[in-house]
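Colleague: Okay, handing you the structure first.
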Amino acid sequence: MNEHNPIALELNKIQQAWLKEVAPQSQLRMVRMVIKPEEARVYEGFCKLESSAHGQLEEVFVTHLTSFEDEDTFSAAIMKDWLEAYDNSAALMQELQNKNAALTWDPQAYRQALAAQNGQPLDDVLLRMLDSFRQSLPQENKQLVLALLPRLVSDLRGMKRWLTTLLKKGIPDGVKLLVFDHAGNEQLAIHERQFPGQLHAMHVPLALYDAIQKLAKSGNPNDPEIAMRKCLFEMGKALQDKDVKRLHEWGQKALDYTQRSGNKGLFATTHIMYAGMLFYFKKDPQLPQLLDRGMRIAKQGQQQGDAACPPLLIQFYGYQGAYAQLRKRFDDAIEWFIKQAKLAQEHHFNQQAMNGWYQAAELCRRKNTGRYYMVLEEAYLAGQDMQDEEISTSVYIYLLRDYYDYVHSKKIQDTIQRIDEKMGRLFGDNWKEEVDLIRKTRAPLMMPPQTMEEA
């Protein structure tokens, strides 16, 4: 780890807190880290670092991003992901063997249990699997930490019940579960009285803003990218103070620095970040100018083979749609979102493509109902080749849910069957109710500020 990197120093704070509060307590079975939402990426980095060969802690960390759908299926989902990861670790297993530290774990019993599941919870089997894996570790008395960072949690109360069930059944010696809760909205706290000595909650104060600012300003001040970062921080402070004049001063400096660099991708990036801040001052005349000019630069960069420019162009199309929506030019906005979706598809950015289709469909539903089902159908067809994991973590599930209602009303049986099979596989027989619940509870799609309420 680079000790001079400000983010690395924040990671080190988490490691030191773990060494002080968790490592000495072998009786712990569940550690709950209370974090701020903006710190999530740092903690994800901590888990991934400790799950790698570069980890600093004595425990063996295994990190899973398995989505939580319900308490009856989560253990099986973790096992499935675990076994897939194990199968894909042949090179690591060989490396351990070469070092005379071979892992002698036999996963066959857990494969069989997963194959014979028949919808039954596998909580006991998961606990046995964790215990057997820990015991197979080459070092004596090695501790195992299962860090859970679900991509999606559709039911926080259900996840808390699942954790309670595992604690009641008895998490094996030497095994800890690590989960994350949000400060000010703690949902996974379990009463200590139920499990004395087994639970530990911790909060590590991080100076994340200072770390990012130091990182942004570090390096050669004559480097256009370093200069741009400094400008962006000053622009951010001006935005916080609602000082549009100062925002423009630093924005122009950022444009000047990056234009001199000759780097089209960097120059276009500055335009889109500057424009994004001006969405807070939606009537500012420079906003559309920045979007138009930045889009032209991104197109030029794309034509010259700059790999950074196609993703930027996709973003520009989305921002153009958002701006048209703010100006109540709804048909123009729909066209921009569709252009965004199609360009993203062309470059195989499936998540961004679905975001564009979803924005277009929702705007049609509210402002141009005559196009609604045509756009829904295009979106449905566009996502047919997506993998299950991509589908379950994208807004495509909402598009499928809405299109299903349409084809059901039209009695298009083959499409009804295909959607039922796909979504039933991902969310179970009650998939429609599950998706409706996720739509209510999942954070809204991120767009430039003040866009949606102006629609």
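Read the figures in this text as sums done on the coordinates, not as results from a lab. Keep in mind that this is a model prediction, so the values were computed, not measured. Neighbour counts run over all protein chains shown; Cβ positions are idealised from the backbone, glycine included.
Colleague: Quick one: Karplus J couplings for region 271-282, per residue in order, coefficients 6.51, -1.76, 1.60, θ = phi - 60°, nearest Hz, x for Gly and Pro?
Modeller: 4, 6, 6, 4, 4, x, 5, 6, 4, 6, 10, 4
Colleague: Near residue 176, which aspartates and glutamates are there with a Cα under 19 Å away, not counting those fewer than 8 places off in the same chain?
Modeller: In chain and number order, the partners are 21, 44, 50, 58, 59, 71, 81, 123, 124, 131, 140, 192.
Colleague: Ok, one more. Determine which lysines satisfy two conditions relative to residue 245: a Cα distance under 21 Å, and not lying fewer than 8 residues away in the same chain.
Modeller: Within the straight-line limit of under 21 Å, residue 245 reaches these lysines: 230, 237, 253, 282, 283.
Colleague: Stretched out fully, how many nm does the piece from residue 58 to residue 83 gain, at 0.36 nm a residue minus the Cα gap?
Modeller: 6.7 nm
Colleague: So, one more: Return a whole-number percent for the relative contact order of region 328-455, with Cα pairs under 8 Å and 6 or more residues apart as the contact set.
Modeller: Reported relative contact order: 20 percent.
Colleague: Any idea what the relative contact order of the chain is, in percent, if you count C-alpha pairs under 8 Å spaced at least 6 apart?
Modeller: So the answer I get is 13 percent.
Colleague: Once the principal axes of the Cα atoms of region 219-307 are found, what is the range along each, listed largest first in whole angstroms?
Modeller: 38, 31, 16
Colleague: Can you compute 3J(HN,Hα) from phi for each residue in region 73-80, using the Karplus curve 6.51 cos²θ - 1.76 cosθ + 1.60 with θ = phi - 60°, rounded to whole Hz and x for Gly and Pro?
Modeller: 10, 5, 4, 5, 5, 5, 4, 4
Colleague: Follow-up question, since we're still on this one. Report ³J(HN,Hα) in whole Hz for each residue of region 60-72, in order, from the Karplus equation J = 6.51 cos²θ - 1.76 cosθ + 1.60 where θ = phi - 60°; Gly and Pro get x.
Modeller: Coupling constants for region 60-72: 8, 9, 10, 9, 10, 9, 3, 5, 9, 9, 7, 5, 7 Hz.
Colleague: Counting only residues 5 or more places away or on other chains, whose amide H sits under 5 Å from the amide H of residue 181 once H atoms are built in the peptide plane?
Modeller: The answer is 33, 34, 35.
Colleague: Near the amide H of residue 145, under 5 Å away, which other amide H atoms are found, from residues 5 or more places off or on another chain, if H is placed in the peptide plane?
Modeller: Answer set, sorted by chain and number: 60, 61, 62, 176.
Colleague: When the chain is fully extended, how far beyond the present Cα-Cα distance does residue 108 get from residue 327, taking 0.36 nm per residue of separation?
Modeller: Length difference between fully extended and current span is 72.8 nm.
Colleague: Additional query: Take residue 282 and residue 202, extend 7 Å from each Cα along the Cα→Cβ direction, and tell me the distance between the two endpoints in nm.
Modeller: In this crude label model, residue 282 to residue 202 measures out at 4.5 nm.
Colleague: I want to check the label-to-label distance for residue 347 and residue 225. Put each point 7 Å from Cα in the C-beta direction and report it in nm to one decimal.
Modeller: 1.7 nm
Colleague: If every alpha-carbon in the chain counts as one equal scatterer, what log10 I(q)/I(0) does Debye give at q = 0.06, 0.08, 0.09 1/Å?
Modeller: Evaluating at q = 0.06, 0.08, 0.09 Å⁻¹ gives log10 I(q)/I(0) of -0.33, -0.60, -0.76.
Colleague: Relative contact order for region 268-360: what percent, with Cα pairs under 8 Å and sequence separation of 6 or more?
Modeller: Relative CO of region 268-360 lands at 20 percent.
Colleague: Here is a follow-up. Multiply the residue separation of residue 149 and residue 246 by 0.36 nm, subtract the distance between their alpha-carbon atoms, and state the gained length in nm to one decimal.
Modeller: Stretched out fully, the residue 149 to residue 246 stretch lengthens by 31.0 nm.
Colleague: Could you give the C-alpha radius of gyration of region 328-455 expressed as a fraction of 2.2 N^0.38 Å, taking N as the number of residues it contains?
Modeller: Rg over 2.2 N^0.38 Å, computed on Cα atoms: 1.02.
Colleague: Would you list, by chain and number, the aspartates and glutamates whose Cα falls below 17 Å from the Cα of residue 328, excluding same-chain residues fewer than 8 positions away?
Modeller: Those aspartates and glutamates meeting the cut-off are 284, 362, 453, 454.
Colleague: Sum up the charges of everything whose Cβ sits under 14 Å from the Cβ of residue 342, counting Lys and Arg as +1 and Asp and Glu as -1, but leave residue 342 out.
Modeller: Its environment carries a net charge of -2.
Colleague: Based on the mean of other Cβ atoms within 10 Å per residue, sort peptides 248-259, 330-341 so the most packed one is first.
Modeller: 330-341, 248-259
Colleague: Moving on. Using mean Cβ contacts within 10 Å as the protection proxy, how do 79-86, 395-402 order, highest first?
Modeller: Per-residue mean Cβ counts within 10 Å order the peptides as 395-402, 79-86.
Colleague: Let me ask you something else. Once you place label points 7 Å from the Cα toward the Cβ at residue 425 and residue 16, how far apart are they in nm?
Modeller: 5.0 nm
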